[in-house]
1. So, taking all protein chains as they sit and a 1.4 Å probe, how much accessible area belongs to Glu20, in Å² rounded to tens?
2. How big is the dipole moment of segment 27-137 about its Cα centre under a simple scheme where the beta carbon of each Lys and Arg is +1, that of each Asp and Glu is -1, and everything else is neutral? Debye, nearest 20, please.
3. Could you give the length gained by full extension between Thr184 and Lys84, i.e. 0.36 nm per residue of separation minus their alpha carbon distance, to one decimal place?
4. If I model a spin label as a point 7 Å beyond the Cα along the Cα-Cβ vector, how far apart are those points for Phe7 and Phe46 in nm?
5. Got a sec? Charge dipole of the chain, +1 on Cβ for Lys and Arg, -1 for Asp and Glu; which of Phe41, Val210, Tyr173 is way out at the positive end?
6. With unit charges on the beta carbon (Lys/Arg positive, Asp/Glu negative), name the residue among Trp198, Asn15, Tyr51 whose Cα is farthest towards the positive pole of the charge dipole of the chain.
7. Mind checking which of Thr32, His90, Thr107 is farthest towards the positive end of the chain's charge dipole, using Cβ charges of +1 (Lys, Arg) and -1 (Asp, Glu) about the Cα centre?
8. Roughly how big is the chain's charge dipole about its Cα centre, with Cβ charges of +1 (Lys, Arg) and -1 (Asp, Glu), in debye to the nearest 20?
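The values are calculated or read from the model by the stated rules, or taken from the named source; none is laboratory data. Computed from a prediction, not measured in an experiment: that's the story for all the values here. Note that each Cβ is placed from the backbone with ideal geometry, even for glycine, and that neighbours are counted across all protein chains shown. Protein only, heavy atoms only, side chains kept; ligands, DNA and RNA dropped before computing areas. Shrake-Rupley method; radii C 1.70, N 1.55, O 1.52, S 1.80 Å.
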Amino acid sequence: VAAEFTFDSRNLFKNKRRYERMNSAQYTLLKTGVEYASPDFIDNDFDFRRYYISLFRRQRTLGMGLTSLYMYAGASDGDLPPQKYFTIDHGAEYLADAGNFLTFDETNFAGSRALVVRAKHEFRNRLWVATGIPLVKDIPFWLSLHGGICWSDFRNHAYQAGDEFINEAEKPYSEIGFGLGNLTPFMVPFNLSVYLTWQLSDYDTSDFSVTLGIDL
């Protein structure tokens, strides 16, 4: 049995008998849920409780662009099956918007508990303009900063086949970087961006990565 509650601050509009979300520069998206499986409730092979909550907030900050914050936390009780592990995915690989961990290579981290915090601030050209310096204020490229930290481990967990291949982030995994966007300003509506990211922790993944992305 599973239940999920979602709060989305974006307005709705009706389009051909369907309700759709309106685009918004600032909004909050909150999700929280629980999954329950027990032979005491329904006859089955599983016995676990799984809880999670996520929060995404995007807002304008001090007139200097948009800040995006994403947080996710998950925990469980009982014998969690492998398909229900909390997994922090390596994400978009070659194309990304700095919303994923960009130094993971092709590594995933998982566990019966997990925590993720990521943030990104998009100055676009506002920082250049704010300097008032000739030539600098006319730089067409967009600037952004991004970073994140994550953690996962197993607690009170009965061994499952294949667990020996699971990577845990028992010590927090962290990274930080910056991006330059609008590199192809005449390719409307798609403009190329590049993200440079450094790993701050000590895991056997990339210490540094260069990732391409697309600004819409």
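1. Roll a 1.4 Å probe over it and Glu20 shows about 50 Å².
2. 1160
3. That pair, Thr184 and Lys84, stretches by 31.8 nm at full extension.
4. 2.8
5. Val210
6. In the chain, that residue is Asn15.
7. In the chain, that residue is Thr32.
8. 1760
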